[in-house]
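Have a look at the structure below before the remarks.
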Amino acid sequence: MISRLGKLLPDKLARLAGLGVLAFIVMAAFAPLIAPQDPAATDLFRRLQPPAWLDEGDWAFPLGCDALGRDILSRIIFGARVSIFIGVVVVLLATVIGVMAGLAAGYLRGATDRLISGLVDVLLGFPYLIFAVGLMAMMGPGVLNMVLALAYKEWVVPCRLVRGETLAARETEYVEAARAMGASSLSIMVGEILPNILSPVIVVGTVRIAQVIILEASLSFLGLGVQPPTASWGSMVADGRAFILDAWWVSTFPGLAILLLVLCINVASQAVRDALDPRFHD
Amino acid sequence: MRLKPLLILAAAAAGLYFAPVSAAELRIGFTLDPLTLDPANHRSRETESVLRTMYNGLVAHDPSMKLVPELIESWTWIDPQTMEAKIRPGVRFHSGETMTADDIVFTFTRLLADGAIAGQTSPRKGLLGPTREVVKLNDSTVRFLLTEPWPVLPAMLTFQEVVSKSFTEKAGAGGIATTEDGTGPFKLVQWRRGDSLVLERAASYFGGGPGIPKAGNACIERTIIKIIPENASRVAALLAGDVHIINELPAHDIRTVEANPNTAVMAVNGTRSFFVALNTTKKPFDDVRVRQAANHALNRKLMIDKLLAGRATKLDGVMSPAAFGHNPNLPEYAFDPKRAKDLLTAAGYPNGIDVTLDADGPQKETAEAIAALLTQAGIRTKVAIGEGSQVRTRWAINGKKEGDMWITSWGNGSLDPTDIFEPTLQTGGRGNSAFYSNPKVDALLAAGGRETDATKRAAFYQDAEALIHADAPWIFLWLPQDLYGVSRRLTGWSPAASGWLNLRDVCVQ
């Protein structure tokens with residue numbers, strides 16, 4: 001009974017989390033249709049207007065307004081676009097680069113491996129955020145630059161994973177068989193090894209999306225993210241920080257949005273791992 | 001009537017109530033750590049505020065910002081290029097040594113000579129304008145020799161603090177940057193970099209200048225200046241009673257501080273003019289009508305009311321109404337979107353213009369508000385937030401002049417027009433971010449810089465300000481008040497427009 005509950009609960013949680021992620025994606029995709037207000041429309045008369053259920057609130061602006069009188073709910077809805085876009089694009093880009101580099105290092109070994117692994121070690125030596133801040137300061141703010149700054153280091157994660165898996169796979173019989181049949185290195189890497197190591201890559205990718213979203217928020221919080229008036233959750237938290245004593249809603253709601261999306265992705269990705277990782281099957 | 005005993009009782013009670021608590025401690029929550037303790041080696045207002053608790057200058061301000069002699073007894077002009085100063089006798093440094101004419105000559109030589117600070121030239125040299133040399137006439141008199149007439153010298157002397165010759169030579173450039181030997185009311189006990197400065201009342205203090213009321217009994221023995229850069233943390237420290245004074249109280253926290261029964265807000269008219277520099281060298285702001293349109297497009301009163309809680313003075317010219325030579329008759333750029341659109345149409349932009357407003361992080365909120373208001377009037381404005389030094393480089397006078405508009409500010413601590421007109425509006429001035437050039441204005445500024453007759457001199461600047469108002473190289477914004485949060489236990493303190501902390505008479509009940 002208890003064990004059944006234990007199995008069911010994470011399953012239901014995962015489903016809920018999956019729905020949550022889906023809801024955020026729908027929200028981002030249809031932001032202009034969902035948002036009650038123009039996220040960039042300022043109205044100084046509504047400066048720091050509280051959420052609707054408090055005194056002076058207004059249901060047209062359910063979560064209240066920021067320092068320039070912009071609707072916080074609408075900005076959160078539009079901000080989901082930035083967070084999800086950057087999370088997905090950075091991880092995709094990093095995965096493509098990381099998988100190629102990892103395959104080459106793990107299969108070819110020798111000088112290639114030393115070069116790639118050396119680079120990976122150097123990059124791992126830098127704290128992620130400081131590295132990204134440095135790059136952003138050099139390149140200037142903006143969405144594209146942020147994607148590049150994050151991908152510069154993010155590829156290391158799938159690369160290390162793929163290298164390890166490839167090292168193990170290259171000694172297996174199916175690879176040996178392919179080699180014996182005269183297949184080229186490239187076709188062995190892409191045709192034989194890659195399909196067999198793909199599931200851990202997908203699992204790690206889903207987890208990393210959540211990490212990248214937090215990093216995006218951190219960079220935006222530090223003022224290195226997207227340019228105003230585009231809403232980004234991190235910059236919304238930063239903008240509200242000054243008013244935290246008397247207008248808590250400005251920072252709190254975008255902060256909750258970050259928390260919720262990252263939580264949903266993490267729980268859902270655990271379910272993905274359970275489904276894909278053979279070690280977790282009975 | 002039995003009023004007399006009652007009065008006596010009341011007086012006694014008041015006396016008891018106000019009796020100074022001995023060995024009391026004053027704590028200040030301050031935004032920035034001093035860059036250095038060397039009075040000659042910085043260009044930072046905050047650093048100067050801290051240094052002035054330990055050091056004095058030849059000239060100071062009284063509470064109404066009037067100039068008063070401090071370490072000198074008087075100054076007199078021998079001729080337009082020579083000023084004589086009589087040294088105040090009996091002033092002692094914290095080390096116990098008496099201040100002499102040699103110390104003053106040494107101080108100014110160190111400021112004026114190239115490479116005098118361990119091979120580096122003082123960044124404060126520019127604040128002394130055409131001062132060529134300071135020479136000792138006798139033990140109680142020094143003379144300032146200028147290369148051209150410069151009547152603003154006494155006002156500019158408030159920016160320089162006198163150091164001890166023997167201490168500076170002994171301590172070296174490194175020593176004077178981390179320790180002190182000033183003449184001020186407090187001496188340094190310890191400087192924990194980035195954290196706090198611990199100061200102790202200096203027994204040797206001479207008491208201050210004659211224009212400043214005489215110092216009473218020492219109320220506080222120690223002062224701790226705690227560095228709290230984060231606005232919310234600084235306000236929280238005040239509300240919690242951890243500190244008695246905080247500087248740079250954010251306007252939106254005024255309500256919170258006033259609502260607390262133990263704290264209050266104090267304000268003083270600032271000296272820093274805020275404006276949006278418009279690039280006069282390229283389209284669309286090369287056309288004066290477009291620049292005037294931008295000035296009419298902003299509802300500055302609304303912005304001051306909402307963003308600055310009403311704590312600022314609207315400007316239609318360059319500088320504070322309290323400054324010397326301010327023109328009080330400048331017409332207003334009234335908020336008038338229709339007129340703005342008409343001016344744009346007249347300039348050949350019937351469909352409006354697309355421009356970018358540069359700003360650094362601290363100005364983000366104001367920049368976004370300005371952009372939204374300009375956009376409503378047909379000046380469609382994007383905001384580009386950049387890192388401070390990057391943005392400044394972009395708008396440097398010898399830079400590429402690529403930007404459209406930049407929200408910035410210029411401090412005028414001396415409240416003298418030279419200090420703000422010449423750098424920001426003279427052709428090629430180091431802070432001329434609008435790249436403005438008007439030969440008539442240049443001629444007026446040059447004449448004003450030389451003129452020794454105050455009335456004539458003021459007229460030059462009033463004419464210049466009228467021309468600049470009409471040319472509108474800036475969107476004129478406002479002059480914010482400097483806001484401080486204070487504990488209600490604090491007495492004997494008021495904020496100064498100069499930003500100096502003036503701790504001499506402070507008491508904490």
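The residue that is nearest to residue B:394 (Cα to Cα), counting only those in segment A:125-173 that are touching a residue at least 12 places away in the same chain (Cβ under 8 Å), more than 14 Å from chain B (Cβ to nearest Cβ) and of a type in the set (Val, Ile, Thr), is A:147. Residues being open to solvent by less than 40 Å² (accessible area, probe 1.4 Å), assigned to a strand (DSSP E or B), in the same structural domain as residue B:87 (by TED's automatic domain parsing) and over 20 Å from residue B:75 (Cβ atoms) are entirely absent from segment B:149-164. Does residue B:240 satisfy the criteria of being in contact (Cβ under 8 Å) with a residue 40 or more places away in the chain, within 12 Å of chain A (Cβ to nearest Cβ) and open to solvent by 40 Å² or more (accessible area, probe 1.4 Å)? Taking the combined requirement at face value, the residue does not satisfy it.
No other residue among B:424, B:418, B:452 is surrounded by fewer than 20 Cβ atoms within 10 Å (Cβ to Cβ) and in contact (Cβ under 8 Å) with a residue 12 or more places away in the chain apart from B:452. Every condition in (1) among the small types (Gly, Ala, Ser); (2) in a helix (DSSP H, G or I); (3) more than 14 Å from chain A (Cβ to nearest Cβ) is met by residue B:325 except one, and the failing one is (2). Residues in segment B:443-458 that are assigned to a helix (DSSP H, G or I), at pLDDT below 95 and out of contact with any helix residue (DSSP H, G or I) (no Cβ under 7 Å at 6 or more places or on another chain): B:446, B:450, B:454, B:455, B:456, B:458. A single member of B:345, B:366, B:393 is among the β-branched types (Val, Ile, Thr), closer than 17 Å to residue B:289 by Cβ and assigned to a helix (DSSP H, G or I), and it is B:345. Being more than 10 Å from every other protein chain (Cβ to nearest Cβ), open to solvent by less than 50 Å² (accessible area, probe 1.4 Å) and either in contact with a Pro (Cβ under 9 Å, 6 or more places away or on another chain) or over 30 Å from residue B:444 (Cα atoms) (or both) is the requirement here; does residue B:378 meet it? For residue B:378, the condition - more than 10 Å from every other protein chain (Cβ to nearest Cβ), open to solvent by less than 50 Å² (accessible area, probe 1.4 Å) and either in contact with a Pro (Cβ under 9 Å, 6 or more places away or on another chain) or over 30 Å from residue B:444 (Cα atoms) (or both) - is met. The criterion of at least 1 residues that are within 20 Å of the chain's Cα centre (by Cα) is met by the following strands (runs of 3 or more DSSP E) wholly inside segment B:42-144: B:59-61, B:67-69.
Residue by residue, here is whether (1) farther than 21 Å from residue A:253 by Cβ; (2) free of Cβ contacts under 8 Å to residues at least 12 places away in the same chain; (3) in a helix (DSSP H, G or I); (4) within 14 Å of chain B (Cβ to nearest Cβ) holds:
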site	(1), (2), (3), (4)
A:13	yes, no, yes, no
A:62	no, no, no, no
A:67	no, no, no, yes
A:84	no, no, yes, no
A:89	yes, no, yes, no
A:100	yes, yes, yes, no
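Selection over segment B:351-374 of residues that are facing another protein chain (nearest Cβ under 8 Å) and either farther than 24 Å from residue A:65 by Cβ or aromatic (Phe, Trp, Tyr) (or both) gives a count of 0.
Listed by first and then second residue, the pairs linking a residue in segment B:97-113 that is assigned by TED's automatic domain parsing to the domain that holds residue B:159 to a residue that is part of a helix (DSSP H, G or I) and of a type in the set (Gly, Ala, Ser), with Cβ atoms under 8 Å apart and 6 or more places separating them unless they lie on different chains, are B:97/B:166.
Scanning segment A:46-60 for residues that are within 13 Å of another protein chain (Cβ to nearest Cβ) and on the phi < 0 side of the Ramachandran plot gives A:46, A:47, A:49.
Against the test of being more than 14 Å from every other protein chain (Cβ to nearest Cβ), assigned to a helix (DSSP H, G or I), at pLDDT 85 or above and closer than 30 Å to residue B:238 by Cβ, the options A:240, A:255 yield a single qualifying residue, A:255.
The single condition among (1) in contact with an Asp or Glu (Cβ under 8 Å, 6 or more places away or on another chain); (2) within 21 Å of residue B:403 (Cα to Cα); (3) within 14 Å of chain A (Cβ to nearest Cβ) that residue B:347 does not meet is (3). In segment B:259-273, the residues that are farther than 28 Å from residue B:320 by Cβ reach residues that are assigned to a loop (DSSP other than H, G, I, E, B) and of a type outside the set (Asp, Glu) with C-beta atoms within less than 8 angstrom, at least six apart or across chains, in these pairs: B:261/B:488; B:262/B:241; B:262/B:488; B:262/B:489. Determine whether segment B:215-228 contains at least one residue that is in a strand (DSSP E or B) and either within 14 Å of another protein chain (Cβ to nearest Cβ) or modelled with pLDDT under 90 (or both). Taking every residue of segment B:215-228 in turn, at least one turns out to be in a strand (DSSP E or B) and either within 14 Å of another protein chain (Cβ to nearest Cβ) or modelled with pLDDT under 90 (or both). On inspection, residue A:42 passes the criterion of being closer than 23 Å to residue B:375 by Cβ and not charged (D, E, K, R). Return the total of residues in segment B:78-94 being β-branched (Val, Ile, Thr) and crowded, with 20+ Cβ neighbours inside 10 Å. The total comes to 2.
Can you confirm whether segment A:264-274 contains a residue that is at pLDDT below 90, within 14 Å of chain B (Cβ to nearest Cβ) and open to solvent by less than 20 Å² (accessible area, probe 1.4 Å)? Looking through segment A:264-274, none of the residues is at pLDDT below 90, within 14 Å of chain B (Cβ to nearest Cβ) and open to solvent by less than 20 Å² (accessible area, probe 1.4 Å). Scanning segment A:114-123 for residues that are within 23 Å of the chain's Cα centre (by Cα), open to solvent by less than 80 Å² (accessible area, probe 1.4 Å) and of a type outside the set (Val, Ile, Thr) turns up just one, A:123. Being more than 18 Å from residue A:240 (Cα to Cα), within 14 Å of chain B (Cβ to nearest Cβ) and surrounded by fewer than 19 Cβ atoms within 10 Å (Cβ to Cβ) is a property that residue A:43 lacks. Examine segment A:215-230 for a residue that is touching a residue at least 60 places away in the same chain (Cβ under 8 Å) and farther than 26 Å from residue A:73 by Cα, and state whether such a residue exists. No: zero hits. Report, by residue number, each residue of segment B:243-266 that is in a loop (DSSP other than H, G, I, E, B) and within 14 Å of chain A (Cβ to nearest Cβ). Within segment B:243-266, B:248, B:249, B:250, B:260 meet the criteria. Name every residue in segment A:206-229 that is out of contact with any helix residue (DSSP H, G or I) (no Cβ under 7 Å at 6 or more places or on another chain) and within 13 Å of chain B (Cβ to nearest Cβ), in order of residue number. Of everything in segment A:206-229, just one residue is out of contact with any helix residue (DSSP H, G or I) (no Cβ under 7 Å at 6 or more places or on another chain) and within 13 Å of chain B (Cβ to nearest Cβ), namely A:227.
Looking only at segment B:222-237, residues that are over 21 Å from residue B:508 (Cβ atoms) and either of a type in the set (Val, Ile, Thr) or in contact with a Pro (Cβ under 6 Å, 6 or more places away or on another chain) (or both) come to 1 in all.
Just to be sure before I move on: is residue B:299 of a type outside the set (A, V, I, L, M, F, W, C), outside the structural domain of residue B:368 (by TED's automatic domain parsing) and modelled with pLDDT under 95 in the structure I sent? Judged against the criteria, residue B:299 is not a match.
The values are calculated or read from the model by the stated rules, or taken from the named source; none is laboratory data. Fair warning: this is a prediction, and the values are worked out from it, not measured in the lab. FYI the Cβ positions are ideal-geometry reconstructions off the backbone, even for glycines, and counts take in every protein chain you see. Quick note on the areas: whole protein, heavy atoms, side chains included, nothing else; ligands and nucleic acids left out. Shrake-Rupley method; radii C 1.70, N 1.55, O 1.52, S 1.80 Å.
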